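Below you'll find the structure, written out as structure tokens, and then a few comments.
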Amino acid sequence: MSQESQKYNHGEIEEKWQKQWVDQGIYQQYDRPEKFYALDMFPYPSGAGLHVGHPKGYIATDVFTRMKMLQGKSVLHPMGWDAFGLPAENYAIKNKVHPAKAVAENIVVFKQQLQKIGFTYDWDREVNTTDPAYYRWTQWIFLKLFEHGLAYEADEPINWCPSCKTGLANEDLEDGKCERCSSVVEQKKMRQWKLRMTAYADRLLEDLDKTKLQWEESIRIQQRNWIGRSEGAIVKFSISPPKADPPLADNFQFPIDVFTTRIDTIFSGTFLVLAPEHEFVDAVKEHIQNWNEVETYRQTLQTVSLIDRTSAGREITGIELKGITAINPATKESMPVWIADFVLAQYGTGAVFADAHDTRDFAMAKKYRIPLKVSIQPEDPALLEQVKALAVCYPGEGKLFNSQQFDGMTSAQARPKIVEWLSQQGSAKPTVNYKMRDWVFSRQRYWGEPIPLIHCEQCKKKKYQYVFIHGFTGSSQGVFFPWLAQELKRQGHTVFCPDLPNTEHPNIQEQVEYILDNTAINEDTILVGHSLGGVVMMKLLEQISGSVRRAVFVDPVVSKTFNDHARPDVEKSNDWKFDYAKIKSNIREVVVLADARHPIIRVEDIEKLRTVLNANQTITVHPEADHFTASQEPEILRAIDSIGTIALSEDELPLKLPEVEKYEPTGTGESPLAGIPEWVNTTCPQCGGAARRETNTMPQWAGSSWYYLRYIDPRNGAALVDLNKEKEWMPVDLYVGGAEHATRHLLYARFWHKFLYDIGSVSTIEPFKRLINVGLILAEDGRKMSKRWSNVINPDDIIEHYGADSLRLYEMFMGPFTQSIAWSTDGVKGVRRFLDRVWNLKERTLNPKLSTLNPNIDRLLHQTIKKVTDDIEGFRFNTAVSQMMILVNAMEKADSLPLSQFSILLLLLSPFAPHMAEELWHQLGNSESIFEAQWPQYDPSLAKESEVEFVVQVNGKVRDRFAIPVGLPEVQVIAQSLERDAVRGWLEGKQIRKKIFVQDTLLNIVVS
RNA sequence: GCCCGGGUGGUGGAACUGGUAGACACGACAGACUUAAAAUCUGUUGGCCUCACGGUCAUGCGGGUUCGAUUCCCGCCCCGGGCACCA
């Protein structure tokens, strides 16, 4: 062997093995019985390329998966690209390059950089969120959400730059001003698509604990806080009519709902405060005597961000709505109504009742001299004195006074009692509130997945004939769905709401004929059938010729079996046989509304109906009362309102992004897609008339909310993932990524996953079993790595000089994995020195004179096997590496080093420095890859120490230490300790009060 | 402001479940090798007092619990992440 070939030449070795591993397919051994799925948060392929901070988490999963491979598991470790989003779009605007082109170029660079690090990625499974073959399924998931009533439109404020005439991301703001032109940014309301994530709030919360997720507690806490469940009550404050002319507006008679968690303070509520944006303010505009001032105040707030508005340092501002008063439902006293900046429309009901027991309310009352009352007493009498004198605010809990029959109760006792008392009067109800809001899901941008919907103005504007078909117990209480009927009439539709014959002992055929005799059903008819009305509707649909526009089933009875109890009259009412084909051909659109919380109607029946009629919307709601017997009219209106918004059919997916000339927003706030008539204009699948495509695109979060599923089955054309394959690999065993994703990305992905579970697309209720956050790597100057500071370190340079193994080993050694740590190239030199020393150890093993087994090394070796195995499992890579350094230090000094011991070192090192380990493995005469070998087993008997250093303390201070055999009994150890000169000196002239003995560790002698 | 982390030598960090603070590295200093430098190897390396044995202080700051606290509790200070359109 020549001198030359003995030198550690990292470049040559790394290139050689990277190629061989891929050629041999060692990363594609998927047929072993045990599976392990390791997932990295996929990167955004930016133009700047990778810096050394990016791969830290990837190296960790790679170390982990290599150990799992050695432990005999099949490992899935994929990689892909999260490539939609703002930077590519801004780059496109600036450089007139199609974002797809820029993204493709960036991916090439990223991929080359990653491949040099020697990861176990199976590149055959690479995914790219911007690939139509991928986003086809992102769009498919959206359609399913839409069908299930989980996607809806609402007005949402966006950051609007009046001079650039464009919506701005929060990122593009600087002190409330536009980053580009420094104009003051306004809050402008725009129609946006939202996803009803709040419907999953409870499950997102409960499953954090129920499903034994191995997540750091801090992430779970952050998720819980983000969801922000709080139990309280909604209290209705009626508005007392002003004496003023003109008379009240229609909605003026509605009371204002206030959500509170502190209903125990209701008796001290002396004024009401609304969010400035509260819709009530506009609704009663004519009655507000100081409207001009109110309007001016509201305008000044438009330029203040929500975070600033609520920050505690800021002085509270507000203005009274003169001419409007409310009634406190507990005291029956009149209260002034104000609007103020600290009340947010997004939280609770956007209104609070204010009293002396909230610091912000208190401050506001003091500032504007609004009268206050006190009803909670603190225990401290001196404090009580001050509280009663209104000198200080007491926001805590305590005993109630000034509270009528609740006087003397504690806050906790009083809360349920007061809610009960008020709800008997119809002015309160217990309510759960969430801080979490629904997900604003649309962006007015080019570079995102197009939302696959069509809007038809004709269908939307058209006046329809509604036919309400009530259920079993009839409409004896009056008009069935009265508010809904009134609302539809107000919109100009006609509503036929018959009182059907024989409701106590119904005959379905008789009811069908009654309807047919009394109204004309045609293609502009919309049928709404509730409960038993569902069967009537089905039978009716069998008997008509021509089709109705839409059939809305509201918790319909479609079989004679009920979940709660038998109803013989219903069972006898018809034959329960349906001609589904006929029914289906007679309906253009089907909507099914179902009660998910307390189902009276069997879930299987609803499912069957949905499938058999191919419902284009199934809305699962939790009605306030079971089975929609009380008013759920707004929910039903919501289902009806969706008319004219039509989902693309699945076979039209993917709906591809068109080529455009300009990527800039349009100036109206609409997406650039709105400026492409060939793309926007289409025909309505319902009426065949002219219609427009939805021009909003999805947010970047969409593609990253399900990518982990696509890796499992990346080329499936029939489903987003094959269910059997999903069962094989899910849930993800290990998910590693940045702490910045601890709330939103993880909530979004969990939400989608639960939804996919509900519709049967996946078999697991949680996607990620174990989750670990990676800490940042800062630049050597302690700042973040950024082009701006020109302190970026490129992994390519480190690999060139020191090798990929050194890079990997250093990033694992630099410190605790989750912590942010500054880069140190000197540190890389240090681990490179370590690798050189390992390399040189090979010579010793090849020397036959040095091949006898050394028991001291063997003990250390087995301690090291245990520590490295446990530390990798626990993500304590830094201490795993330092233990290997201790072992190598000892091996260098040992007078012998047999091949067997050195081979174990190589195996332990192989996850961290795979190239070098593989090379040495082969040089030692192995012909198979080291990754086909077995991870070493730890033998506790070999690892055991025979002697320990024992510590003697006097009054807690270490005074002596000496060696004792392990397990030496207490009596003997104490006797020896008391004889020691170093100890005796400290005991002289003192009384021994106490002796604390810890086996094999220490003795503390307490003296005085 | 609110929520979640973190703070230990000149530097990155170690310390099991409350039991020897500073493992392992980096840097620095000294020595060996070399004409020389680099590389490599050997040794020293928290502060203060001491020739030394040793003593004493010390884990962001201030208190507390305990025989004993980097670890547990209370109150502060500083730094990082998140706060819903950066990803």
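Jot down the per residue volume, in cubic angstrom and as a whole number, of the convex hull over the alpha-carbon atoms of segment A:439-523.
Details: hull volume 15.4 nm³, N = 85.
So the per-residue Cα hull volume is 181 Å³.
For segment A:347-392, take the convex hull of the Cα atoms, compute a quarter of its surface area, and give me that in nm², please. Spell out each step's value before the answer.
Details: hull surface 15.1 nm².
Projected area, direction-averaged: 3.8 nm².
Highest mean packing comes first when the peptides A:61-74, A:753-766, A:441-454, A:92-105 are listed by Cβ atoms within 10 Å, giving A:441-454, A:61-74, A:753-766, A:92-105. Cα-based values for segment A:869-942, radius of gyration first and Dmax second, are 12.7, 34 Å.
Relative to the longest principal axis of the Cα atoms of chain A, the long axis of helix A:533-543 makes an angle of roughly 70 degrees. What the Kirkwood sum gives for segment A:578-644 is a hydrodynamic radius of 12.8 Å, with every pair of different alpha carbons counted.
Its convex hull of Cα atoms gives segment A:799-929 a direction-averaged projected area, equal to a quarter of the hull surface, of 8.1 nm².
With viscosity 1.306 mPa s and temperature 10 °C, the Kirkwood radius over alpha carbon pairs of segment A:890-932 converts through Stokes-Einstein to a diffusion coefficient of 148 µm²/s. Using the Kirkwood radius built from alpha carbon pairs, what does the Stokes-Einstein equation give as D for segment A:940-1003 at 4 °C and 1.567 mPa s, in µm² per second? D = 104 µm²/s.
When Rg and Dmax are taken over the Cα atoms of segment A:338-465, they come to 23.0, 71 Å.
In Å³ and rounded to a whole number, note down the convex hull volume per residue for the Cα atoms of segment A:46-104.
Working: hull volume 5.3 nm³, N = 59.
Spelled out: Cα convex hull of segment A:46-104, divided by residues, is 89 Å³.
Think of chain A as having a plus end and a minus end, set by charges on the Cβ of Lys, Arg, Asp and Glu; of A:ALA382, A:SER927, A:PHE119, A:ALA382 sits farthest toward the positive end of this dipole. Counting only Cα atoms, segment A:706-819 measures 51, 29, 26 Å along its principal axes, largest extent leading. This model, with +1 at the C-beta of Lys and Arg and -1 at the C-beta of Asp and Glu, gives chain A a dipole about its Cα centre of some 1360 debye. The dipole here belongs to segment A:10-124: it is taken about the Cα centre, uses +1 on the Cβ of Lys and Arg and -1 on the Cβ of Asp and Glu, and is about 160 debye. Segment A:549-673: percent of C-alpha pairs farther apart than 23 Å? Within segment A:549-673, distances greater than 23 Å cover 48 percent of Cα pairs. Spatial offset of segment A:458-528 relative to segment A:32-54 amounts to 57 Å, using the alpha carbon center of each.
Once the Cα gyration tensor of segment A:533-574 is found, what semi-axes does its equivalent ellipsoid get, as square roots of 5 times the eigenvalues, in whole Å, sorted largest first? Write out the running numbers ahead of the final one.
Numbers: eigenvalues 113, 30, 5 Å².
Working through the eigenvalues yields semi-axes of 24, 12, 5 Å.
For chain A, the ratio of Cα radius of gyration to the globular rule of thumb 2.2 N^0.38 Å stands at 1.17. Along its principal axes, segment A:92-251 has C-alpha extents of 79, 50, 35 angstrom, given from the largest down. Taking the charge dipole of segment A:344-501 about its Cα centre, with +1 at Lys and Arg Cβ atoms and -1 at Asp and Glu Cβ atoms, the residue from A:VAL467, A:PHE353, A:ILE418 reaching farthest to the positive side is A:VAL467. Using the rule -39500 (n - 2.57) for each DSSP H run of four or more residues, divided by the residues of chain A, the 222 nm mean residue ellipticity is -10500 deg cm²/dmol. Against the main long axis of the alpha-carbon atoms of chain A, helix A:99-115 sits at an angle near 30°. Its residue count N sets the reference 2.2 N^0.38 Å, and the alpha-carbon radius of gyration of segment A:1-91 equals 1.43 times that reference. Amide H to amide H distances under 5 Å link A:THR166 with A:CYS161, where only residues 5 or more positions off or on other chains count and H is placed in the peptide plane.
Under 5 Å between amide hydrogens, built in the peptide plane, is the criterion, and for A:TYR735 it picks out A:LEU39, A:ARG770, A:LEU771, A:ILE772 among residues at least 5 positions away or on other chains. In straight-distance terms, cross-link reach from A:LYS189 covers every one of the lysines whose alpha-carbon lies under 20 Å from its own, apart from those fewer than eight places away in the same chain; here that gives A:LYS165, A:LYS177, A:LYS285. Overall shape of segment A:791-862 was characterised from the C-alpha gyration tensor. The equivalent ellipsoid obtained from it has semi-axes of 32, 16, 7 Å, in decreasing order. Look at where the Cα atoms of segment A:176-203 and of segment A:67-112 average out, and the two centres are 27 Å apart. In whole angstrom, segment A:76-132 maps to an equivalent ellipsoid with semi-axes of 24, 12, 8, each derived as √(5λ) from the alpha carbon gyration tensor and ordered largest first. Per-peptide packing, taken as the mean over residues of other Cβ atoms within 10 Å, places A:78-84, A:643-649, A:428-434 in the sequence A:78-84, A:643-649, A:428-434 from highest down. Bridge orientation summary for chain A: considering DSSP beta bridges with both residues in this region, about 60 percent are antiparallel.
Note the full-extension length gain between A:SER423 and A:ALA596 as 0.36 nm times their separation in residues minus their Cα-Cα distance, in nm to one decimal. Before the final figure, lay out each step's value.
Values: separation 173, 0.36 × 173 = 62.28 nm, distance 2.46 nm.
The A:SER423-A:ALA596 span can extend by a further 59.8 nm.
Taking 15 Å as the cut-off, the amide N atoms of segment A:325-360 that come nearer than this to a point 7 Å along the Cα-to-beta-carbon line of A:SER238 belong to A:325-335. Direction-averaged projected area, Cα convex hull, segment A:405-562: 16.5 nm², rounded to one decimal.
Helix A:201-210 and the longest principal axis of the C-alpha atoms of chain A enclose an angle of approximately 30°. Evaluating 6.51 cos²θ - 1.76 cosθ + 1.60 at θ = phi - 60° for every residue in segment A:578-591, the Karplus couplings come out as 10, 8, 4, 4, 5, 4, 4, 5, 9, 10, 7, 9, 10, 10 Hz, glycine and proline recorded as x. Rg then Dmax, both in Å and based on the Cα atoms of segment A:52-174: 19.5, 62. Past the 21 angstrom mark, what percentage of all C-alpha to C-alpha distances in segment A:852-1008 do you count? Of the Cα pairs, 59 percent sit more than 21 Å apart. With the dipole of chain A worked out from charges on the C-beta (+1 for Lys and Arg, -1 for Asp and Glu) around the Cα centre, which of A:ALA594, A:PRO33, A:ASN856 lies farthest toward the positive end? So the residue furthest toward the plus end is A:ASN856.
Rank-order A:513-524, A:410-421, A:903-914, A:864-875 by packing density, defined as the average count of other C-beta atoms within 10 Å over each peptide's residues, highest first.
Values: A:513-524: 13.9, A:410-421: 17.4, A:903-914: 24.3, A:864-875: 19.2.
Per-residue mean Cβ counts within 10 Å order the peptides as A:903-914, A:864-875, A:410-421, A:513-524.
Here, each number is a calculation from the coordinates, and none is a lab measurement. None of the values given here were measured: they were computed from a predicted structure. Note that we place each Cβ from the backbone using ideal geometry, even for glycine, and neighbour counts take in every protein chain shown.
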